[in-house]
Structure formats: structure tokens, C-alpha cells
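What follows is a short report on a single structure.
The values are calculated or read from the model by the stated rules, or taken from the named source; none is laboratory data. Everything quoted here is computed from the prediction, not taken from an experiment. No Cβ is skipped: glycine too gets one built from the backbone with ideal geometry, and neighbour counts run over all protein chains shown.
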Amino acid sequence: MPEDENIKITTDPTSSEREFALKERELALKEKEVEAKIKHDNKGLWFTSPLILGVITAFSGLIVTGIGAFLQSNANLNLERNKFEYTLIQKALETPSQDLRVKNLKFLVDIGVIQSLKGDKLKDIAEKDPQSLPTYNTVAALTPEVTNGVISEKVRELDRQILFILQRDYPNSLVTFSDNTNVELNHSTLPLLQPAAKLALEKAIKNRGKKLTVNAAYRSIISQHIIYSYYKQGIGGIALAATPGKSNHQTGLAIDIGDAEGWKSYLEAEGWSWMGKSDPVHFSFSGSESLDIGTLSIKSFQQLWNLNHPQDKLTENGLYDSETASRIKQAPPNGFPKGEKCSTKCGFKSP
């Protein structure tokens, strides 16, 4: 039977050990090369990233794994090597910054750790077509974690950046109601309403004399985008969801509550309207002092995106168009590298 030229099994123990020792030394030298490169370029903050720590850790893991794998066959060692390189490439692409993704990939190729996966081709793509590089840390990559319209906290840090811009540019357009001791908040609720809606809510609570459970209130464009996407896909148990930009949750004039039947008459007496059987937990405020601010969250996101992507700017028009929707999918749930975060002013307990 002809020998497969890609799989060479060494049966001589002495030869096997000698060849493995050479492989081990090669990996050790590469590890030292990475460390030297980091020390030489330590002025660049990006070298303190998880990618670099991952390179050092992965080298050590590859050597240890290779001891057992190589003694079985070179094929297994090659498999471990491929897995190692795939892991490093994925880490390189996890950053939301396109420039940093390019820099990460070029670094991995230049120091020689990408060998079996056509490193030169990766570098060529990074240099000539950087926009084609994927990222694994995006809103689009989130797994469905919505139940009855209550969004998870996975996008909370991004929401805080959007809210900082909104509150900075439009002071007091939204106010927190988390200071009301007779309100019990769902853990993922953003406790924000327009001032008039907050005052009407407080009157209803006072008149009934009971604690009100609020499961949803204000939603940023990110939260509404995710909920609408899940609704369209028929997942998460979401019975109804408005198109982003058209939900009154984005205007700070809506709440979803517990015991809706018990609260209905008290809220309606203060200017709140029940949605009806199509969404029985939902109430909207329509008082004379309410404002249409539904586009502000979208515009704030557009500004945040432009701050972080000066070469790929969105039109700051407050519209949920195809371009804005595309960038929302690419946004990092934990927030962009640039952009301050709203804290206690937005009802958050910590800065």
C-alpha cells in the first residue's frame, strides 16, 4: 500500500522522541519570539490585549497537548496545530475595531504562528479587503435570550454608551424612576421614562398603594432591534414587536407590567392607555406633555458608530434604514472602544 505523504507514522521510538524534541524546541523558540516582540513593541496598548495573552497560553498548551498527540502520530499533532491556529485567528477577530482586527492578523502572520492555514493569504485579505474580515463579538452573533419581550443584559454596556450621548445632547428628555421604592424592576429593565410619564406613573402607584412590577420600560435602538429580529424569526415567545424606531418603548412612553388587570383603572385615570388583548401587559402614556423622541436613540447610535468608525460613517438622520440596521448587527454588545457610559443618571446602580 503506498504511504500517504501527508501522514508519516514513526515506529522507531528513538527517532520519534528525537523528532518530537525538535518540534518542542521549535515551539519554545516561537514562544520566546512572541515575548521578545511584545517587549520590543510594548508602547502599543494593543499588545496588552487578550489576543497576546492567548498566544503565550496557547503555545504552552500546544506543547503539552503535542506530547501525547505526537507519540500517537504526526497527523494528530497537525490537527492540534490547526486547532491552535484557528483559536488564535478567532481571538484576533473578536475586537470590534476593524483596524485592530487587521493589525492582529498581520501580527500573527509576521511572527510565524500561522503556518498551516495559508498565513500569507490571510495577511493579503487583511491588507487589501479589511471590510471582509468577520468579527465574532457582535449583536448579530448573540444567541436568543428573550422571554416575553424582556431582553437580556448582554447589550447593557452598549445601551449605556448610546444613552450617554442621548442624555448629553437632549438633557432630561428621559428621567429615571428607579428612585421610587414602590416599583419593583425586572433585572434587565432600563428604568427610564419621559418626565410627564414618570409623574403620571407615580400618581397611579400612590393611588393604589401597592408595589408595581415593571418588566420593561425604555428600550434603546439596540434592544428594540434584537427583540424585533427575534419576533420576526418566531423565537423567544414574543407575541408582538414594533419595527425599530416605531416602538413607543423607544420614546420613554411605555411600560410592560405585572398584574396588568389590577393596575388598569389606576393607570388609565392618569393618562396611560392599555394596549389590549394583543399585548395585555403593555401600557402607553399619551399625556399632553409627552414628546416624540423615538428617533433620538437611533441618532445617538449613529453618532457612536461614527466616533468609532471615521472611515465608515453613517448619516446621522435618526432613521432605521438598511445601513443603520447593518451597523447595529456589527456592533459589540459590551460597547465600543470609544464612548462614555451613562450611569446613575440613567438608573444604573454603578458607574
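Details
- Being more than 19 Å from the chain's Cα centre (by Cα) and under 19 Å from residue 300 (Cα atoms) is not true of residue 213.
- Tallying residues that are without any contact (Cβ under 8 Å) to a residue 12 or more places away in the chain and hydroxyl-bearing (Ser, Thr, Tyr) within region 303-327 yields 2.
- Listed conditions (1) under 23 Å from residue 263 (Cβ atoms); (2) modelled with pLDDT of 90 or more; (3) in a helix (DSSP H, G or I) are all met by residue 180, apart from (3).
- Across region 219-239, the qualifying residues are those that are assigned to a helix (DSSP H, G or I) and polar (S, T, N, Q), and the one among them that is nearest to residue 153 (Cα to Cα) is 223.
- Hits in region 221-255 - residues which are farther than 21 Å from residue 320 by Cβ and surrounded by 22 or more Cβ atoms within 10 Å (Cβ to Cβ): 255
- Taken across region 299-314, residues that are crowded, with 20+ Cβ neighbours inside 10 Å and either within 20 Å of residue 216 (Cα to Cα) or charged (D, E, K, R) (or both) do occur, with at least one present.
- Among the residues making up region 185-207, those that are in contact (Cβ under 8 Å) with a residue 60 or more places away in the chain, within 22 Å of residue 227 (Cα to Cα) and of a type outside the set (A, V, I, L, M, F, W, C) are 191, 194.
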